[in-house]
Amino acid sequence: MLYAITIMAALLALLFFRFLACRKALTRFVKIKHRIAQLTGLDERAEIISIYDALRKLINDKDKNIEMLTWKVKYMQNVLDNMTEAFFIIDENGKIEYINNAVKKITGTSDIIGKKLTDVLNNFFINDLYEEMIETKQPQHSEITLFGAYREYFVCEMIPVSHAGVNHALVILRNITNEKQLEAIRREFVSDVSHELRTPLTSIHGYAETLLDHDLSDKETVRHFLNIIEKESARMTRLINDLLDVEKLESGDAKFAITDVELTEVGRYVLKIIGPLADELGVKVMDDIEEGIFVEGDFDRLVQLTLNLVDNAVKYTAVKEHGPKEVWLRIYALANFAFIEVEDTGVGIPEEAQKRIFERFFRVDKARSRKMGGTGLGLAIVKFIADKLNGKVELESEYGSGTTFRVKIPLKKVIK
């Protein structure tokens, strides 16, 4: 298609020059006509006028054809400039003759016409591809990496084109950076899931094997091993349930029963669930919950969101060796938003980890998190739920001093 544009532009130029020549000839012819009209009779003048009219019609027809070609060239160039792929037309000396707008985004400039392609795209394989294309006169295809402000990946195609004894080449670059990143995320996800499942499965297998070889009359030992197997099985169940939740939320398959939900009920429900765990771990849970705050949401999902935050706060506060062990659950309205705020006096989150805290399977302290039964998916689920409810999750934390998570959701109404 790009080569067609080049040919069309050449034809347009040729027709334009012919058009100008016709215009000049017409001007000269008109002068001659007037002169002859003065010197000859009516018959000669009529014949000359007839020839003049025929020539004028021919020029008008060419004028219309030139206008049509001009429109087609502009249309096709506009199409090329709005495509995401980067296009180059290269002459037989390897110099750039034409680029579209996508090229300017890659190179950061449009001042590359007349420069060599291998100088503009600083990549070792570009030169190899170009030489291979010249030598074989066959299209070449490869993935390349370009380093600008950041690393980007492209599929590069080079296509030789010859017309009227003149050799050109089309170079097409398709950006596959997002695809590469998604592929890397998928590989990392599969690796993380495999690792997370392998640990409890290894424990279950090891203790079951020990039981088979053990004297089962020792009921205390048997009970101890079975208790470990039960805990590891429960951990696997939590992991699989969280994985299914993440998959449904990401794909949009998760069903939300949207109703007017009073956040007071959500808060009270979560406090009842978390109470026994907090007592067991020696953490004091306090609340400051305003009454009558309503949002449009799903009660069960809001409970899941709040419970994940409070559960994390309690567990990471319990492991703190010194100082008060306290967690606050606050629910309040401000302006047009409702807030669910969970603050703790726990170990806090290092600044470098805060940017990744909502990623799947990311843990600040992997060993400690697994020991507490965490799957590494809780905060990812919190963010997904908040996003589905048009909300936002905010984080404030100082390592060693505690953490505050604040979920901001559009307010439906307040009933005092």
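The values are calculated or read from the model by the stated rules, or taken from the named source; none is laboratory data. Owing to the predicted nature of the structure, the values given are computational and were not obtained by experimental measurement. As a convention, Cβ positions derive from the backbone with ideal geometry for all residues, glycine included, and neighbour counts pool all protein chains shown. Heads up: the accessible areas ignore ligands, DNA and RNA and are worked out on the full protein's heavy atoms, side chains in. Shrake-Rupley method; radii C 1.70, N 1.55, O 1.52, S 1.80 Å.
Worth a mention:
- When restricted to residues that are part of a strand (DSSP E or B) and of a type in the set (Gly, Ala, Ser), the stretch 141-180 contains 3.
- Residues that are open to solvent by 80 Å² or more (accessible area, probe 1.4 Å), more than 24 Å from Glu359 (Cβ to Cβ) and not in a helix (DSSP H, G or I) were ranked within the stretch 203-255; the one that is modelled with the lowest pLDDT is Asp215.
- The selection criterion, being more than 27 Å from Phe362 (Cβ to Cβ), basic (Lys, Arg) and either open to solvent by 60 Å² or more (accessible area, probe 1.4 Å) or out of contact with any Leu (no Cβ under 7 Å at 6 or more places or on another chain) (or both), holds for Arg174.
- Inclusion of Ile134 among residues that are in contact with a strand residue (DSSP E or B) (Cβ under 7 Å, 6 or more places away or on another chain), at pLDDT 75 or above and not hydroxyl-bearing (Ser, Thr, Tyr) is not warranted.
- Selection of the stretch 256-305 for residues being at pLDDT 90 or above, loosely packed, with under 13 Cβ neighbours inside 10 Å and in a loop (DSSP other than H, G, I, E, B) yields Gly282, Glu291, Gly292.
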